[in-house]
């Protein structure tokens, strides 16, 4: 009798899990939506006592990204920056600081309101100060335009829907798994947060948003009672506000066109470039995300010392727990010069991101970097250097 009950229970669990997980992340292809993320990380060490003066060493980095998509167009903006500051322990040591800030934007206008051809315009801005310099370099400004093909889909709302359904089932608020159609319907409601804010205001929108999520779940017939109840609403609010779900993207996009460097760090170089970009995203299962981005830019002016620049960034994120992500990245940079050494830089990083509350994180990261070749502003480090954040 016990074996029979155990077998029936096991079969029920398997059936429920399969019911939840029948849909793939790549099945979510809604093009109307907005994705936003923002992070800030830092480290500071201060030492005193048996030394001439108090010393310190610190690092700060931050980034933000916004992606807005519709059928006729897609717009993205990213901003990233980092700063290092330090002061030695010997009497007379002065403070040193460096910073590097970069921003980029792309606007894609789809010609047929689908996932094929588009024209694009974009811009890049850079501002930096080297640690050995007395003042900041001139700003880097570049604009460009061209054509492209493909589309990237944001499936993060479906990942949120998975988390909500899994949680509500664990508390018996949902009595069974829901169909693929029901999961997609819930994800589409989650995806419309910006629309609810616009319609009902920041103070009141959640009442209407959560009510429509409840209606979506009720339509599946999976609710154990007539409503989510206070506990179910609170759990949804905690998942959305206190548990951060890393972005899930799938698809690919390629761009090609011409660019114009209006201002460069050296205050002199202004050149026309031939540019190409490739972007690829693939969610792996329900907890992982792989992304790849390659950027190529060739300078057409033969008088410039640099021939072309290539950067490739590959990243993999795995969701270890509801509030813990394991993040890994590899960035390869290759700068080719007409005279002197080419410069090749490799940077590897791995670390854990702990989500304490919405938009508040604690990171533990190990990063390794290696640079071969000396040219321009590069400093050769043939051995792997490491630092912790």
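The values are calculated or read from the model by the stated rules, or taken from the named source; none is laboratory data. This one's a predicted model, so the numbers in the text were calculated from it and none came from an experiment. Glycine gets a Cβ as well: all are built from the backbone with ideal geometry, and neighbour counts include every protein chain shown.
Based on what the data block shows, is residue 286 farther than 21 Å from residue 256 by Cα and either surrounded by 16 or more Cβ atoms within 10 Å (Cβ to Cβ) or within 23 Å of the chain's Cα centre (by Cα) (or both)?
Yes, satisfied.
Can you pull out every residue in the range 257-276 that is under 23 Å from the mean Cα position of the chain (by Cα) and in contact (Cβ under 8 Å) with a residue 40 or more places away in the chain?
The one that is under 23 Å from the mean Cα position of the chain (by Cα) and in contact (Cβ under 8 Å) with a residue 40 or more places away in the chain: 275.
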Test residue 226 against the criterion of being at pLDDT below 90 and out of contact with any strand residue (DSSP E or B) (no Cβ under 9 Å at 6 or more places or on another chain), and give yes or no.
yes
For the range 57-72 the number of residues that are surrounded by fewer than 16 Cβ atoms within 10 Å (Cβ to Cβ) and over 20 Å from the mean Cα position of the chain (by Cα) is 4
Out of the residues in the range 318-335 that are within 20 Å of residue 308 (Cα to Cα) and buried (at least 16 other Cβ atoms within 10 Å of the Cβ), state the one that is nearest to the chain's Cα centre (by Cα).
331
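Here is a check on your reading of the model: is residue 154 modelled with pLDDT under 95 and either surrounded by fewer than 16 Cβ atoms within 10 Å (Cβ to Cβ) or closer than 30 Å to residue 250 by Cα (or both)? Step through it out loud before you land on a result.
Details: modelled with pLDDT under 95: no; either surrounded by fewer than 16 Cβ atoms within 10 Å (Cβ to Cβ) or closer than 30 Å to residue 250 by Cα (or both): yes.
In short, no.
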Just give me the residues in the range 119-141 being buried (at least 17 other Cβ atoms within 10 Å of the Cβ) and over 23 Å from the mean Cα position of the chain (by Cα), in sequence order.
137, 140
Right, residue 232: outside any loop (DSSP other than H, G, I, E, B), surrounded by 14 or more Cβ atoms within 10 Å (Cβ to Cβ) and touching a strand residue (DSSP E or B) at 6+ places or on another chain (Cβ under 9 Å) or not?
yes
Which pairs do you get when a residue that is within 11 Å of residue 232 (Cβ to Cβ), found in the range 156-179, comes within reach of a residue that is part of a loop (DSSP other than H, G, I, E, B), reach meaning Cβ atoms under 7 angstrom, with the pair 6+ apart or on two chains?
172/224; 173/224; 173/228; 174/222; 174/224
With respect to residue 85, determine if the residue is under 27 Å from residue 195 (Cβ atoms), in contact with a strand residue (DSSP E or B) (Cβ under 9 Å, 6 or more places away or on another chain) and surrounded by 14 or more Cβ atoms within 10 Å (Cβ to Cβ).
no
Regarding residue 268, is this residue surrounded by fewer than 16 Cβ atoms within 10 Å (Cβ to Cβ) and under 30 Å from residue 214 (Cβ atoms)?
no
The one condition in (1) within 21 Å of the chain's Cα centre (by Cα); (2) closer than 26 Å to residue 39 by Cβ that residue 196 fails to fulfil:
(1)
Going by the structure shown, is residue 245 outside any loop (DSSP other than H, G, I, E, B) and either surrounded by 16 or more Cβ atoms within 10 Å (Cβ to Cβ) or modelled with pLDDT of 90 or more (or both)?
no
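Here's the yes/no breakdown for (1) at pLDDT 95 or above; (2) in contact with a strand residue (DSSP E or B) (Cβ under 7 Å, 6 or more places away or on another chain); (3) assigned to a helix (DSSP H, G or I):
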| position | (1), (2), (3) |
| --- | --- |
| 178 | no, no, no |
| 186 | yes, no, yes |
| 189 | yes, no, yes |
| 198 | no, no, yes |
| 208 | yes, no, yes |
| 212 | yes, no, yes |
| 221 | no, no, no |
Would you tally the residues in the range 291-308 being within 23 Å of the chain's Cα centre (by Cα) and surrounded by fewer than 17 Cβ atoms within 10 Å (Cβ to Cβ)?
3
Entirely in the range 299-389, the strands (runs of 3 or more DSSP E) that have 1 or more residues that are touching a strand residue (DSSP E or B) at 6+ places or on another chain (Cβ under 7 Å) and modelled with pLDDT of 85 or more
306-321, 324-337, 343-357
